[in-house]
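Data first, discussion second: the structure below is written as structure tokens.
Nothing in this text is a laboratory measurement; each read-out follows from the coordinates by a stated rule. Please read all numbers here as calculations on a predicted model, not as lab measurements. Every residue, glycine among them, receives a Cβ derived from its backbone with ideal geometry; neighbour counts consider all protein chains shown.
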Amino acid sequence: MKNYITAILIAILSFSYSPLNAQIQFSGDPINLLGLNTSEGENFLVLNPHKKMMAFSKEGSETGLSEAEYIERFYEVFDSTWLPPRIFTNWGKDKGMFSPIGFDQNGNEFFNEVSFFQGVYKGRVSKFSNDGGVAYIEVPFLNSQSEHQSGCLSKDGRYMIISMESNYSYGVEDLYMIERKSNQEWKSPINLGGEINTEYQEITPYLAPDNRTLFFATNGRVGEGSFDIYYSRRLDDSWRNWTTPINIGTPVNTSGAETSFSFLAGDEWAYYISSRNSDGYGDMYKIKIKADIEEDTVAIEEEVVAEVVEEVIKLKVVDKKTGLPIWSEIIGDDYTRASAVGSFVIEELTDEEVEIKSQGYLPINLMLNSDLKLGDNIVELEPITVGSTITLNHVLFLRGTSKMILGSEKELDLVVDMMNDNPNIKILLKGHTDNQGDPILNLKLSEARVKAVRKYLISEGINAYRIRSIGYGGNAPIASNETEETRKLNRRVEFEVLEN
């Protein structure tokens, strides 16, 4: 993948400019924002349309943080005097990229967050609330798999344009539109189509205030350098029909790479990132612009600015012990969705079996079928704290044998996932029977069954030293042995968390 994090523009030439079209004109030479640029490289620049403020990311390690803790930071700079940046640090050892998207009218700040975990990149959209809180934005079927994710938020807060690579991309990173459904909910991403997207990369979009004129950087077209800035105009409300993209030309585009082009309505300056004759890093520039683009004045429909009140199917993922909501993911055949508060809207019942998981909990499988009711469906996940014991209710055996019934491996696969996600965990498998029959044979049977379970987990890649096993026969009942209904509760396999 070509590196589009760009470098310092060394030489700036003077040009005579002509209008790109009747809407946009440049004048004067590009100006390096020397007071903000550093030797470490700046990228992913966005502007706040509601006040004079700029946000950008910066690469490097000047903070002294280790590579595992720090790759990028998100900086804010206030008003035209360019006050010292306010810094938002990414957190967690698995975080990779941390870059701004935009700002809404209420002072909330949206940003991209890309993590790298178990060999897979996973992108999300998050929000800093004006009260200081941070939450993931729930976007149905957002399946960003790229090392880099960039984007913009429209001035009215109705649309996000996100650059990401997914199962439905034309090539590498494509541009997608995500429409706000309510104050808290967003619709599924829509690919902007083959007129905009190529088999290469389309990145750092900027949607002008008319919500129709789109600027973006791409290396998928013949241009001045590796990445050039182009613009196009949306032709209808499908978001898939666009005019043929036009290169905005010199002096913005050079033989280097240009990204993150944007401007504010009524302002005389446009801002962007550029590189030329450099060591691979980018600097921020500004250039005088005259943009005759009318702001979108279509009234936002009531359901966009108010909470949607309708009968929908929702999943609420909670801690089984406390009942409190937890950060969680839904993993389907070709998508992953995440929610910081364990809340998901199911738009369609597909009879698909999905996995619901959270760090520090035993995952479960759930069918998206008619068994789900309108309103809230509570999904409880077992916490895997040291000393806790979890029963594997769906690990079953043929009567009197240690041969597992077909389908038992599905629940054991969840244990495998849990142990892979929590590599410090060690467990003790416990086998139990009821008290019917010969106690010695029951003890041997319980031992054989947990050994069969242990063998399966090891065959799926879990190190043997992490799994102990013991059979108790009928000596540790959890229910009465007086009736068959209660005796079956005593015939079980469970595991105790020894270390975590």
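For the reader, a short list of remarks on this structure follows.
- Convex hull per residue volume in Å³, alpha carbons only, for the range 310-382: 86
- Placing dummy labels 7 Å off each Cα toward the beta-carbon, the span from Leu428 to Arg466 is 1.9 nm.
- The charge dipole of the range 117-266, taken about its Cα centre with unit charges on the Cβ of Lys, Arg, Asp and Glu (plus for the first two, minus for the last two), comes to roughly 360 debye.
- Couplings for the range 377-386, taken from phi via the Karplus curve 6.51 cos²θ - 1.76 cosθ + 1.60 with θ = phi - 60°, read 10, 7, 10, 9, 10, 6, x, 10, 8, 4 Hz in order; Gly and Pro are left as x.
- Shape category assigned to the range 184-233 from the gyration tensor of Cα positions, a/c cut at 1.5: prolate
- Exposure proxy order (Cβ contacts within 10 Å, fewest to most) of Thr385, Thr336: Thr385, Thr336
- Normalised contact order of the range 310-382, rounded percent, pairs of Cα under 8 Å and 6 or more residues apart: 40
- Full extension of the segment from Val222 to Ile190, taken as 0.36 nm per residue of separation minus the current Cα-Cα distance, would add 9.0 nm.
- Mean Cβ count within 10 Å, highest first, over the residues of peptides 161-167, 325-331: 161-167, 325-331
- The residues Trp186, Trp269, when put in order of fewest to most other Cβ atoms within 10 Å, stand as Trp269, Trp186.
- Packing, taken as the mean count of other beta carbons within 10 Å per residue, orders the peptides 446-455, 397-406, 33-42 from highest to lowest as 446-455, 33-42, 397-406.
- 3J(HN,Hα) couplings calculated from phi for the range 434-450 with the Karplus curve 6.51 cos²θ - 1.76 cosθ + 1.60 (θ = phi - 60°) are, in sequence order, 7, 9, 7, x, 6, x, 5, 5, 5, 5, 5, 5, 5, 5, 5, 5, 6 Hz; Gly and Pro show x.
- The range 384-500: Rg to Rh, with Rh as the Kirkwood radius over Cα pairs: 0.96
- Rounded to the nearest Hz, the phi-derived 3J(HN,Hα) couplings of the range 200-216 under the Karplus curve 6.51 cos²θ - 1.76 cosθ + 1.60 (θ = phi - 60°) are 9, 10, 10, 9, 6, x, 9, 9, 5, x, 7, 6, 10, 8, 10, 10, 7, where x marks glycine and proline.
- The range 125-258, Cα convex hull volume normalised per residue, Å³: 120
- Paramagnetic reach from Glu294 in the range 205-242 [backbone N under 18 Å; point 7 Å along Cα→Cβ]: 208-214, 233-237
- Annotation: lysines with alpha-carbon distance below 25 angstrom to Lys314 (same-chain offsets under eight excluded): Lys122, Lys127, Lys181, Lys187, Lys357, Lys373, Lys410.
- Net length available on complete extension from Thr385 to Ile331 is 17.1 nm, with 0.36 nm assigned per residue and the Cα-Cα distance removed.
- Chain lengthening between Leu349 and Thr322 when straightened (0.36 nm per residue, less Cα-Cα): 6.8 nm
- Over the range 384-500, relative contact order from alpha-carbon pairs under 8 Å, at least 6 apart, %: 41
- The separation of the range 454-500 from the range 120-190, counted between C-alpha centres, amounts to 43 Å.
- With the cut-off at under 15 Å, measuring from each backbone N in the range 344-372 to a point 7 Å along the Cα-to-Cβ line of Ser182 picks out 344-347.
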